[in-house]
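These notes concern the structure reproduced below.
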Amino acid sequence: MLTFDDLLRRARSLAGDGRRRALLGIAGSPGAGKTTLAERLVRELNGTGEPWVAHVPMDGFHLADVELDRLGRRDRKGAPDTFDTPGYAALLHRLRDDTDDVVYAPGFERVLEQPIAGAVPVEPTARLVVTEGNYLLLGTGAWTRVRAELDEVWFCETDEEERVRRLVGRHVEFGKGHAEAVAWVERSDQRNAELVAATRGRADLVVRIPV
């Protein structure tokens with residue numbers, strides 16, 4: 001069974017001698033623990049020295065609610081076609097190639113449930129970028145371009161009952177009533193989770209997050 005130290009060594013090895021910038025993707029269903037894993041990896045790898053690992057979540061590429069309304073997709077927010085996937089792929093490509101400038105990625109404001117432009121700076125000193133999101137291994141449309149930019153993709157999974165509990169709790173924390181949160185998870189998040197779970201076999205590594 002892999003330990004966290006094993007994961008640190010594997011992530012560190014992706015950057016090699018540091019001459020090129022490497023990109024590590026962490027995929028998984030909603031609530032599986034992707035962000036927690038990514039943040040811990042970045043924190044531990046950076047340690048107390050000069051930061052050389054950056055974290056760029058996919059969530060910044062959510063389409064804004066006003067655009068989802070125009071497209072008639074707001075009731076499916078979080079589905080693959082509610083992201084600016086070509087924009088995400090283009091950013092990953094730039095992160096790989098542009099190591100002379102600060103590259104600004106969009107962030108995502110959970111309280112507003114909206115993307116925020118230019119919120120995540122990636123400094124030229126970053127030799128490894130960790131990015132995480134549900135659909136990194138999806139084999140359709142522009143998502144194939146996303147996968148092509150990543151050196152490795154790990155699939156993060158946890159106990160299913162715990163995953164659903166986390167999701168409901170997250171929706172409640174950011175403004176939904178409990179019944180509304182449960183309904184959203186059962187209607188929207190679960191459908192997305194099943195789609196993501198089907199991509200598990202394409203991962204370079206499966207990481208099981210303990211409860």
Quick note on Tyr135, Tyr104, ordering by fewest other C-beta atoms within 10 Å, gives Tyr104, Tyr135
Computed for the chain: size of charge dipole around the Cα centre, +1 on C-beta of each Lys and Arg, -1 on C-beta of each Asp and Glu, debye to nearest 20, value 320
Here FRET efficiency (C-beta to C-beta, Arg19 to Val66, R₀ 30 Å, nearest 0.05) is 0.10
In the chain the DSSP beta bridges are antiparallel at a rate, in percent to nearest 5, of 30
Between Tyr104 and Arg74, Cβ-based FRET efficiency (R0 35 Å, step 0.05) works out to 0.85
With label points set 7 Å from each Cα along the Cα-to-Cβ direction at Asp5 and Ala117, the distance between them in nm comes to 4.7
The value for the range 117-198 (convex hull of the alpha-carbon atoms, volume per residue, Å³) is 150
Between Arg187 and Arg43, Cβ-based FRET efficiency (R0 22 Å, step 0.05) works out to 0.05
Per-residue ellipticity at 222 nm attributable to helices in the chain (runs of n ≥ 4 DSSP H, -39500 (n - 2.57) apiece, nearest 500 deg cm²/dmol) works out to -11000 deg cm²/dmol
A correct Stokes-Einstein calculation for the range 92-154, using the alpha-carbon Kirkwood radius, 10 °C and 1.306 mPa s, returns a whole-number D in µm² s⁻¹ of 121
Taking every alpha carbon pair in the chain and sorting the distances into 10 angstrom bins from 0 up to the bin holding the longest one, the percent per bin comes out as 8, 34, 38, 17, 2, 0
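Any read-out appearing in this document is the output of simple, stated calculations on the displayed coordinates, not a laboratory observation. Being a predicted model, the structure only gives us computed values, none of them experimental. Note that each Cβ is placed from the backbone with ideal geometry, even for glycine, and that neighbours are counted across all protein chains shown.
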